[in-house]
Amino acid sequence: MNTDHGYPAVRLHIAGEWCQGGAGRTAPVVNPATEETIGEVPLATVADLDRALEAADAGFACWRDTPIARRTDVLHTAADLLTARAAEVGRIMTLEQGKPLAEATGEARRVADTLRWHADDARRAYGRVIPSAPGTVLTVRREPVGPVAAFVPWNFPAGGPMRKISAALAAGCPIVLKASEETPATAAALVACFVEAGLPAGVLNLVFGDPAEISAHLIASPVIRLVAFTGSVPVGKQLAARAGAVMKPTLMELGGHAPVLVCADADPVQAARSAARAKFVNAGQVCTSPSRFLVHESHLDAFTDEFVRAAEAVVVGDGLAEGTIMGPLANERRLHAMESLTADAVARGAKIRTGGERLDRPGYFFAPTVLTDVPADARLMSEEPFGPLAPIVPFTDLDAALRVANGLPYGLAAYGFTDSAATAEHLAGRLEAGILSLNHCGGSVHEAPSGGVKDSGYGREGGPEALDAYLVTKRVSHLLTP
Ligand code: NAD
């Protein structure tokens, strides 16, 4: 059922059925490009969560024993359905999150491939046979950990949910997913693909509601064996502590504040173009977005001028409009955060080279912004901006710049630009980050792991490592001749 906006009605998915929350409570879904309410998201009650837990428990018994070929087949069918629907899913995503349509459609296509990657990789979840005494077979096996509780945010309405769903299901684990109440229809569209592909009831449950209430209830349940979260560092720490108290493993994909080091031997113009392109993707609301630009003093002017040119060339508008490169921020909280971080930096002496304010039109639009002369004590230099702000600061000594880069509790992404192989290796060895890109701003790929160090979390998504969190290792020694 579609509303006038072309935004679908959203339901919870519990025990194989689409349903409203038991109490009939809903929250509005807002189009960030217009500030109009475009739909309602149903909110789950504790009784709804209990049904989801019961379904996941029963789903585990069925899904773990489903032959791997059948499991893979269902996941590939779901991926094909999603590929066929990418344009429709992209449109829903733009309506509820704001990113440009091409970016949204590309995300929908890409996550279908994420699913294929995990489905295929699960076929290689090998154990091993260890040489042992005669008459004894010593093996190591990898088994699904069990039902997963997963919590994902709004910045990648398809990417966030799919990373968790695909790894869990491929590994043989059922999942109770709480997707973002701000981008619920994209998550529901993904779930529909699995349902239509023939996934057994109870294996994939989708809920929305009060995030704190849902996470507290699910984590405490003995049914749940793994807690997987993507989001901010403070919430990640809360959930990890809660899970730790009941001895449950967690997978934590948290925020970052990625440094970009432009070294004395780099090409400042190429570096500025590459960094600016990455900076304004998804209006900067990406956990790996480059966000602290440390530039050798000899390149400061060339880098800044080119970066400003690139920022001013970004076409900002409704993601559905032709030619839009950057949409609005996803919600009003981010808009206020941009205003507050900018005002604080300026009050401490920073200069705005371009942007610096919200656009004078409805919607949560904030101009691509470049700041220079930003002092080290500006909040922008230590708080993850998660928006289109680019503070540029000079350095003279590379090791001092590395100390600044490593000086925050974050350790997710980092970027370096240099023409010297030796300097590149120095950066590769010294930058405290889980994801390092040299001479480009590389995005995530299915084949390689993503994840952080320090407060940015632990565990990896993507690559062969992606299944590790969802599998447990069991040692089995079998005496054949007792
Ligand atoms: P937030 O910390 O309130 O929420 C982040 C996400 O966590 C949301 O999806 C929210 O629903 C969920 N959440 C919040 N409290 C929860 C709880 N107790 N249990 C379970 N889930 C919970 O912040 P926000 O305003 O939505 O986003 C702001 C900040 O979050 C950003 O500045 C950024 O640092 C971080 N963030 C990070 C990522 C990422 O990919 N790492 C994504 C989105 C937001």
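The values are calculated or read from the model by the stated rules, or taken from the named source; none is laboratory data. Please read these numbers as outputs of a predicted model, since none were measured by experiment. Cβ: placed from backbone, ideal geometry, glycine included. Neighbour counts: every protein chain shown.
Taking segment 239-279 as the region of interest, how many residues are part of a helix (DSSP H, G or I), within 12 Å of the ligand (Cβ to nearest atom) and hydrophobic (A, V, I, L, M, F, W, C)?
Total satisfying the criteria: 4.
Please state which one of Gly319, Gly363 is at positive phi and not in a helix (DSSP H, G or I). Steps first, please.
Working: Gly319 fails: at positive phi.
When all the criteria are applied, what remains is Gly363.
Just wondering, is there one or more residues in segment 350-371 that are within 15 Å of the ligand (Cβ to nearest atom) and in contact with a helix residue (DSSP H, G or I) (Cβ under 9 Å, 6 or more places away or on another chain)?
yes
Return only the number of the condition from (1) surrounded by fewer than 17 Cβ atoms within 10 Å (Cβ to Cβ); (2) under 21 Å from Phe151 (Cβ atoms) that Arg11 does not satisfy.
Just one mismatch for Arg11, condition (1).
Let me confirm something: among Asp57, Asp48, Asp80, which residue is more than 30 Å from Ala212 (Cα to Cα) and either surrounded by fewer than 19 Cβ atoms within 10 Å (Cβ to Cβ) or touching a strand residue (DSSP E or B) at 6+ places or on another chain (Cβ under 7 Å) (or both)?
Just one listed residue meets the conditions, Asp80.
Within segment 223-238, track down each residue that is more than 9 Å from the ligand (Cβ to nearest atom), touching a Leu at 6+ places or on another chain (Cβ under 9 Å) and assigned to a loop (DSSP other than H, G, I, E, B). Working first, answer last.
Of all residues in segment 223-238, those more than 9 Å from the ligand (Cβ to nearest atom) come to 223-228, 237.
Among the residues that remain, those that are also touching a Leu at 6+ places or on another chain (Cβ under 9 Å) are: 223-224, 226-228, 237.
Of everything in segment 223-238, those that are more than 9 Å from the ligand (Cβ to nearest atom), touching a Leu at 6+ places or on another chain (Cβ under 9 Å) and assigned to a loop (DSSP other than H, G, I, E, B) turn out to be Val223, Ile224.
Could you tell me whether Val41 is in contact with a strand residue (DSSP E or B) (Cβ under 6 Å, 6 or more places away or on another chain) and either more than 25 Å from Leu335 (Cβ to Cβ) or touching a residue at least 60 places away in the same chain (Cβ under 8 Å) (or both)?
So Val41 fits the description; yes.
Being more than 29 Å from Gly319 (Cα to Cα) and within 16 Å of the ligand (Cβ to nearest atom) is the filter here, so list the residues in segment 382-402 that pass it.
The one that is more than 29 Å from Gly319 (Cα to Cα) and within 16 Å of the ligand (Cβ to nearest atom): Ser382.
For the subset of segment 281-309 comprising residues that are surrounded by fewer than 22 Cβ atoms within 10 Å (Cβ to Cβ) and among the small types (Gly, Ala, Ser), which member is farthest from Leu389 (Cα to Cα)?
Filtering first and then ranking leaves Ser298.
Could you please tell me which pairs satisfy a Cβ distance under 7 Å, a separation of 6+ or placement on different chains, a first residue in segment 198-220 that is within 24 Å of Trp63 (Cα to Cα), and a second residue that is in a loop (DSSP other than H, G, I, E, B) and acidic (Asp, Glu)?
The qualifying pairs are Phe208/Glu181.
Within segment 400-438, track down each residue that is without any contact (Cβ under 8 Å) to a residue 40 or more places away in the chain and closer than 30 Å to Arg109 by Cα.
Of everything in segment 400-438, those that are without any contact (Cβ under 8 Å) to a residue 40 or more places away in the chain and closer than 30 Å to Arg109 by Cα turn out to be Gly434, Leu436, Ser437, Leu438.
Of all residues in segment 208-222, count the ones that are part of a helix (DSSP H, G or I) and within 11 Å of the ligand (Cβ to nearest atom).
Total satisfying the criteria: 9.
Residues are listed down the side, and each one gets a yes or a no for (1) closer than 22 Å to Arg51 by Cβ; (2) free of Cβ contacts under 8 Å to residues at least 60 places away in the same chain; (3) part of a helix (DSSP H, G or I); (4) among the acidic types (Asp, Glu):
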residue	(1), (2), (3), (4)
Leu138	no, no, no, no
Glu143	no, no, no, yes
Phe156	no, no, no, no
Glu182	no, no, no, yes
Val191	yes, no, yes, no
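Tally the residues that are away from the ligand (no atom under 16 Å from the Cβ) and either buried (at least 19 other Cβ atoms within 10 Å of the Cβ) or outside any loop (DSSP other than H, G, I, E, B) (or both), restricting the search to segment 323-344.
So the answer is 3.
With the condition kept exactly as written, say whether any residue in segment 154-161 is surrounded by fewer than 24 Cβ atoms within 10 Å (Cβ to Cβ), in the same structural domain as Trp18 (by TED's automatic domain parsing) and within 16 Å of the ligand (Cβ to nearest atom). Steps first, answer last, please.
As a first pass, look at segment 154-161 and keep what is surrounded by fewer than 24 Cβ atoms within 10 Å (Cβ to Cβ): 154, 159.
Retained after the next criterion (residues that are in the same structural domain as Trp18 (by TED's automatic domain parsing)): 154, 159.
Of the ones still in play, those that are also within 16 Å of the ligand (Cβ to nearest atom) are 154, 159.
Yes, segment 154-161 contains at least one residue that is surrounded by fewer than 24 Cβ atoms within 10 Å (Cβ to Cβ), in the same structural domain as Trp18 (by TED's automatic domain parsing) and within 16 Å of the ligand (Cβ to nearest atom).
Would you tally the residues in segment 286-311 being within 16 Å of the ligand (Cβ to nearest atom) and basic (Lys, Arg)?
Here the count works out to 1.
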